[in-house]
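The values are calculated or read from the model by the stated rules, or taken from the named source; none is laboratory data. Model, not experiment: these values are computed from the prediction. Quick reminder, even Gly has a Cβ in these numbers, built from the backbone with ideal geometry, and neighbours come from all protein chains shown.
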Amino acid sequence: MYGKIKRAGEKLIKKTGIDFNKYRDPSLDENINKATCTLVTPLSLITSVAKPVLISIAVFNVIVMAYIAITGANPYGALLLFIPGNVGNLAIGLSIGIMTTIRRFLNGTTQMLNYSLDIGKQVVKDMEENKANASATASLAEIIQGISYVTIAPCIEKAMKKRLGIFSIPVLVLSEPGILHSTKYLSIATESFLKRTDYSDAESETEITPGTSGEARQRRLGTFVDALEESGQLLASTFACVIPKLLLPAKGILSVALCFEVVLFFIVFKYFLLK
């Protein structure tokens, strides 16, 4: 279903001379399947939010009913605790569920991007050891794009079809631009590192070509690895900054709900249940 991605991948294979398909194996399929679990399954998204809500409300009601049964507290006062108390616990459960879902979503996205970087290092290593096509002409951006379009994207498509069946069609259509844009971002990040690197030779700074001399080729491949390493660190620092900001609204709701529950417990227990 990834029409644009598939065509772009085929062009990259022809242009670079690197068979990116050989880096796709069963273990990668399995890892991508796990990483995309919360990204492609509506049921898993609903479960991630609904589970903490149900647990929060259930625990609250069991504790209150057990207290009333043991102490013989005023049952009418219990109504004042049950109704608003469950509303507060609904907010608590929702905020926890939302925070969990956001974390899992970002972790899954990070894992897939890291898989791309790790495979990129393997491609560069194979080029160093001449396991890849020695006559290949490839920039680091093209290597990353080839991995994303030819190696990673088919695994994502397979996972979506497995989990959603026919309903995967709209998900695939909507997710294709996201894959294209995230790949472009990653390519720009690694290329910008190369452009900041000083070279003693006058050859192209961001490409490996058939005319690249042996020594310059090895040096440039080593720099490719450095660029991939820095991109991984950049991704980690970016998500470290993004996650707290995305969680802030949910944390705010959680804090307000907890304060509401504490105040409610104090008022109801002091003025109603204990009488």
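Can you tell me which residues in segment 157-185 are among the hydrophobic types (A, V, I, L, M, F, W, C) and modelled with pLDDT of 75 or more?
Hits for segment 157-185 are 159, 160, 166, 169, 172, 173, 179, 180.
Hey, among the residues in segment 72-100 that are surrounded by fewer than 19 Cβ atoms within 10 Å (Cβ to Cβ) and among the polar types (S, T, N, Q), which one's farthest from residue 269 (Cα to Cα)?
100
Can you spot a residue in segment 137-156 that is at pLDDT below 70 and within 20 Å of residue 17 (Cβ to Cβ)?
Yes, there is a match, as at least one residue in segment 137-156 is at pLDDT below 70 and within 20 Å of residue 17 (Cβ to Cβ).
Considering only segment 1-21, how many residues are touching a strand residue (DSSP E or B) at 6+ places or on another chain (Cβ under 7 Å), assigned to a helix (DSSP H, G or I) and of a type outside the set (S, T, N, Q)?
Selection size over segment 1-21: 0.
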